[in-house]
1. Picking from A:Gly43, A:Gly34, A:Gly163, which is most flexible by a Gaussian network model of chain A using Cα springs under 10 Å?
2. Want the number for A:Ile5 to A:Leu132: 0.36 nm per residue separation, take away the alpha-carbon distance, what's left?
3. Take every Cα pair under 8 Å in chain A that's 6+ residues apart, average their separations, divide by the length, and report that relative contact order as a whole percent.
4. Which of these, A:Asp13, A:Asp122, A:Asp71, has the largest mean-square fluctuation under a Gaussian network model of chain A (Cα springs below 10 Å)?
5. Can you find, among A:Phe173, B:Asn84, B:Met126, the residue sitting farthest towards the positive end of the charge dipole of the protein assembly as shown, where Lys and Arg contribute +1 and Asp and Glu -1 at Cβ?
6. What nm distance separates the two modelled labels at B:Asp112 and B:Thr35, each placed 7 Å from Cα along Cα→Cβ?
7. For A:Asn149, put the label point 7 Å out on the Cα→Cβ axis and report which residues of the range A:82-112 keep their amide N under 18 Å from it.
8. Give me the Kirkwood hydrodynamic radius of the range A:132-198 in Å, from all C-alpha pairs, to one decimal place?
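Laboratory data are not the source of any read-out in this text; all were calculated from the coordinates shown. Here the structure is a predicted model, which means the values were calculated and not measured. Using ideal geometry, Cβ is built from the backbone for each residue, glycine included, and neighbour counts are taken over all protein chains shown.
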Amino acid sequence: MGPLIPNGIITGDWNFVIAILVGIAFGFILEASGFSSSRNIAGVFYGYNFVVLRVFFTAVIVAMVGLLYFDYFGWINLSQIFILPTFWPAMLLGGVIMGFGFLMGGFCPGTSFTAISIGKIDGLVFTVGLYLGIFIFSESFPLFKGFYNSGNLGHVTLTDVTGINAAWFAFAFVIIALAAFWVTMLIEKKVRKKITEYKF
Amino acid sequence: MNRNYLFLTLIMLVLAAGTLFLKKTPEYKQIKPETLLWDIIQPTRYVSTDQVAKMIIDKDPSLELVDVRDVNSFEKFALANAVNVPLDSLLSPVSQDYFGLPGIKVVFYSNDDIAADQAWVITRRMGYGGTYVMKGGLNQWIETIIQPKEPREDEPYTAFEQYQFRKGVQMYFTGTKVENTIAKKKKVVVRRKKKQVAASGGC
């Protein structure tokens, strides 16, 4: 059946409508998970708050395992999914810059907007810096265009590179994520004296 | 320790382990047998050599000629801008990049139209639209385009028009010159009367 637009079930005109709905849902989940607070986000680097790790790992493993089942039941064809091309040197450097930015600013681009939506000044300052960074990057792009486009591996997945079935990667990632949940929970209990354990 | 966390962890673990046992048999997308049968009995998939020739000459960007013969035959002779997709490699992912492009008319041809017809049936069954077969294949191409026969005198006017078209196309593809049908004019020889020379001499 899916993906819906490539298979002609809905037209490409729906792209922006879906983007808005997914964006609203994404923003809501970020805010509801406490990501509009830079303390929660930066806490993972200082080892006292691991909510970021748990929320992101939960999203990743649910999506990974869910997509594999969706593909099996024929609800989505994974071979038709768009895969971003891998430019490994630029992505490596970009990851390091993003990590430093995350640590110093206490937000990532998405969470800074959720912070603005609840009226936080630090989120606003971060976003101004974000646009400044985009402007500087765009203006100086010709200087590092060669590096930006270097090391293109194409639309590859881990399965393409290693030949190992995607399910094994999903399984390994779930094990790592679940282990991380329990270990970080124990760390938090030791480090933080006043900890609220959420009940559901 | 919250019991719910333990429960969720176990569910996630079981679901992740379950993905290791998912064996998906590759399924080809295909159309309904009734639709395929209906399409097969329609002659609309055939295009004539004249139509193909006109599209080549017009440099029609929507035309994609696909030669389904083997590589050796393709290298010996092929139509202009044709791509070679031998019948036995029709299902390879590289070959399938040629099919199903919006606005592109894929025209299969082979020596006759049997192999081309088979390629058409397979691609049609896989759900690709916009595919056609060059009627008669390259044999028909030689008969009609490269060596067109002059119609008999009692044939209708359209046959003569078609012949003229084919002669033009023949010129385009082979570079031969059309014989001038108009009889060569004979050089007019002007005979002039000899001027009478005035009588001279005399007695």
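1. A:Gly163
2. Value of the extension gain: 42.2 nm.
3. Computed value for chain A: 28 percent relative contact order.
4. A:Asp13
5. Result: B:Asn84.
6. 3.1 nm
7. Answer for this model: A:85-91.
8. Roughly 16.8 Å, rounded to one decimal.
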